[in-house]
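Okay, structure first, notes after.
The values are calculated or read from the model by the stated rules, or taken from the named source; none is laboratory data. What you see is a predicted model, and the numbers here were worked out from it, not measured in a lab. Cβ: placed from backbone, ideal geometry, glycine included. Neighbour counts: every protein chain shown. To get the accessible areas, we keep the full protein, side chains included, count just its heavy atoms, and leave off ligands, DNA and RNA. Shrake-Rupley method; radii C 1.70, N 1.55, O 1.52, S 1.80 Å.
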Amino acid sequence: RPPEDEEEEAEVGWQEKLFSQFEVDLYLNESACQTPLDRQYHEEIRKLEKAGGRKNFRIFTYTDHDRFTNLEELCQKVTDSDHEVPSYLAERMANVRRRRQDRRPVEPSSLKSKIITWEPSEEFIKNNHVINTPVQTMYIMGDLGPYGKLGHREYEHVLCTIKVDGNGVITVKPDFTGTKGPYRIELDGEKREVWEYTIENASAQVQPEEEEREQRMLRDLYGRHRDYLNGLVGSEFEMPLPGTLRLFVNGEIVSAQGYEYDNLYVHFFLELPNQWSSPPFQQLSGVTQTCTTKKVGWDKVAYFCYPFTVEMFYTLEDEGVFPYSFPQWPVLYFEVLSLDFWQRYRVEGYGSLVLPASPGAHVLTIPTWRPVELGTVAEMRRFFIGGSPELEDLTYVRVPSTFKGKRLSRFGFRTETTGSVTFRLYCLQQSKAFLESSALRQRMQSVLDRLGGFSQQSSVYNVLEAFQRARRRMQEARESLPQDLISPSASSV
């Protein structure tokens, strides 16, 4: 050990530059200064030399503008392996300068007029295809060289890394020591020197008055931002009329699996029963894109991921009179078709789906069927030239909308089970009755019970509950009677 004490303490501010002995020797030579930053450091070091030299010896810093920071961010490894080969993503991330990116805001007009960039540039890819959070970095370093040999790069070690991102998150690595013991750095030289250092937060504590003033300022800022958002969105939302239910369905045709031929597409439409209506601009039918199947296990699956949105209204006509039938819910009819090389289609299956009556997310897989003819001629025609028996009315999948009789016979109608279609539905229900309190809230099973005081569903639930109570009373009375009165085999003398 040298005769003097080898302890040093330095108080460092954010992005405060403390020069190392190596930088002092480098920047004192004016011919070695090439960039404006080098010439600025040259002037600062000259001023330090005139003022008596630098106060720090072993502790120094690298700020956000120094070359060390750029190289350190570029050479970071994902693992601790010495033979690590950087992946494509790691190389792309390394090529992006994450700090001080000048990202110009996109004008709304240009965003609408240019949704797709057909020929993206390298700068466009760097700025949009990789995580690009602006970060400012600062390194607190230690020159742990032998006594009298300061200023050698091989003895420089990172003591602490401080990063501040664009979201205001401060990262200090390693953490402040506090009550923990000091950090240790063991060198690999001949003497195997061990250095210990501590990191403390030297920032002055905020006074209560200043903290309260800052909180008031933040509350005022958040309040103004809330008012601004309310001005954009509006505080009042359109509510349906009393006795009316608004139903939103954000749906997706996810996939179709288990069909005979390839290149599938789905044609669907929504049938609205009585007391249901939709806005004039609402489209109640649609056709998906043609999708090629892929082998998944034993099935051939076509992934459509086709979204659709439907808005409907249900109006309760008369609350006072209890009808003899439950209200019908909208039905989604669909047919799956395949397209061959000659642009001829075949019917692969028919199916129907009753929209869920409860709000929330639903994933439903609906099996399908198709009509068939007897004999091999029909199947050969279907294979070679396309075409197959079709339904004139797609509602024949269920009870047709044009049927007015009491019994529907399907005797003699031959069908064949085919594949299935998977739907994902997100149902939202809106009604003024949701805001009203009711004593029957625990018994209500659907939104229809909230549409009036004596709705159909609640009336049926009341009847069923009264029947259960009467049945329990009858069973209790039967158990309390003597067995000889109940048994039919009891004979009297």
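Farthest toward the positive end of the dipole of the stretch 244-432, out of VAL372, LEU339, TYR303, is the Cα of VAL372, where the dipole comes from beta carbon charges about the Cα centre. Probing with 1.4 Å while keeping every protein chain in the model, the per residue accessible area of the stretch 369-408 equals 73 Å².
For chymotrypsin sites (Phe, Trp or Tyr not before Pro), the sites in the stretch 210-313 that DSSP calls loop and that have at most 13 other Cβ atoms within 10 Å are PHE237, PHE281, TRP298.
Between THR315 and VAL354, what FRET efficiency follows from the Cβ-Cβ distance if R0 is 25 Å, with the result rounded to 0.05? Walk me through the numbers before you get to the answer.
Details: r = 19 Å, r/R0 = 0.77.
After rounding, the FRET efficiency stands at 0.80.
What the phi angles of the stretch 247-252 give under the Karplus curve with 6.51, -1.76 and 1.60, with θ = phi - 60°, is a coupling list of 10, 9, 10, 9, x, 8 Hz, glycine and proline written as x.
Here the label points at GLU390 and ARG472, each 7 Å from Cα along the C-beta direction, are separated by 5.8 nm in the simple model. When LYS47, LYS300 are compared by accessible area of protein heavy atoms, the largest-first order is LYS47, LYS300, using a 1.4 Å probe.
Leaving ligands, DNA and RNA out of it, report the carbon-plus-sulfur percent of the accessible area of the stretch 331-434 at a 1.4 Å probe. Can you show the working numbers first?
Details: 3510 of 6020 Å².
Ligands and nucleic acids excluded, carbon and sulfur reach 58 percent.
Only the Cβ atoms of Lys and Arg (+1) and of Asp and Glu (-1) were treated as charged; on that basis the dipole of the stretch 319-418 about its Cα centre amounts to roughly 300 debye. Fully extended, how many nm does the chain gain between ARG219 and HIS157 (0.36 nm per residue separation, minus their Cα-Cα distance)? Extra length available between ARG219 and HIS157 comes to 18.0 nm. Once the whole set of protein chains is in place, how much accessible area is left on HIS225, using a 1.4 Å probe, in Å² to the nearest 10? Here the residue's solvent-accessible area equals roughly 100 Å². Loop-located GluC sites (Glu not before Pro) in the stretch 163-246 (DSSP state other than H, G, I, E, B) with a sparse environment of at most 15 neighbouring Cβ atoms within 10 Å: GLU190, GLU193, GLU200, GLU236, GLU238. Going by accessible surface with a 1.4 Å probe and the largest first, SER255, SER401 read SER401, SER255. What the phi angles of the stretch 218-224 give under the Karplus curve with 6.51, -1.76 and 1.60, with θ = phi - 60°, is a coupling list of 5, 4, 5, 5, 5, x, 5 Hz, glycine and proline written as x.
In a simple Cβ point-charge model (Lys, Arg +1; Asp, Glu -1; nothing else charged), the stretch 244-432 has a dipole of about 240 debye relative to its Cα centre.
Roughly what would the spin-label model give for GLU238 and THR179, points 7 Å off Cα along C-beta, in nm? Taking the simple label geometry, GLU238 and THR179 are separated by 6.1 nm.
What dipole magnitude, in Debye to the nearest 20, does the stretch 189-322 give about its Cα centre under +1 on Lys/Arg Cβ and -1 on Asp/Glu Cβ? The partial results should precede the final answer.
Numbers: 11 positive and 22 negative charges, 121 e Å.
Dipole of the stretch 189-322, to the nearest 20 debye: 580 debye.
Phi angles of the stretch 9-17 translate, via the Karplus equation with coefficients 6.51, -1.76, 1.60 and θ = phi - 60°, into HN-Hα couplings of 10, 9, 9, 10, x, 5, 6, 8, 9 Hz per residue; Gly and Pro are given as x. For the stretch 192-266, the list of trypsin sites (Lys or Arg not before Pro) that fall in a loop by DSSP and count at most 16 other C-beta atoms within 10 angstrom reads ARG192.
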